[in-house]
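**Q** The structure that follows is given in the form of structure tokens.
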Amino acid sequence: MKIAKGVLVALTLGAVSFSALSAELLTKEAYNDHKDQYVKVGTITTSGEMSPSDAKAELSKKADELGGQFYVVTSADTENKIHGTADVYKKK
């Protein structure tokens with residue numbers, strides 16, 4: 001029983017830690033208000049997603065892979081499936 005509780009606690013803490021490290025969506029307005037605080041680390045895209053939340057999760061994952069802390073969506077299309085492009089930033 002103690003082992004099962006330990007595993008559950010470890011998984012819960014791991015999930016919380018992972019979500020705390022995920023790149024965050026930053027609005028264009030918020031970026032423009034403080035653009036001197038950020039450095040661009042790349043550009044990412046996603047396509048073929050079925051929902052906005054799937055696209056957001058995919059963009060966040062790709063921003064994480066680039067070492068970014070934030071991403072700003074620069075274009076989006078929802079004609080058939082969702083396609084999005086974003087610039088990735090981290091704080092200076």
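Where a number appears in this text, it was derived from the coordinates with a stated rule and is not lab data. What you see is a predicted model; the values in this text were computed from it and never measured. Note: ideal-geometry Cβ built from the backbone for every residue, glycine included; neighbour counts use all protein chains shown.
**Q** Going by C-beta contacts inside 10 Å, put Y31, Y38, Y71 in order with the fewest on the left.
**A** Ascending number of Cβ neighbours within 10 Å: Y31, Y38, Y71.
**Q** Within 10 Å, count the other beta carbons around each residue, average over each peptide in 45-52, 80-87, and list them highest first.
**A** Ranking, from highest mean packing down: 80-87, 45-52.
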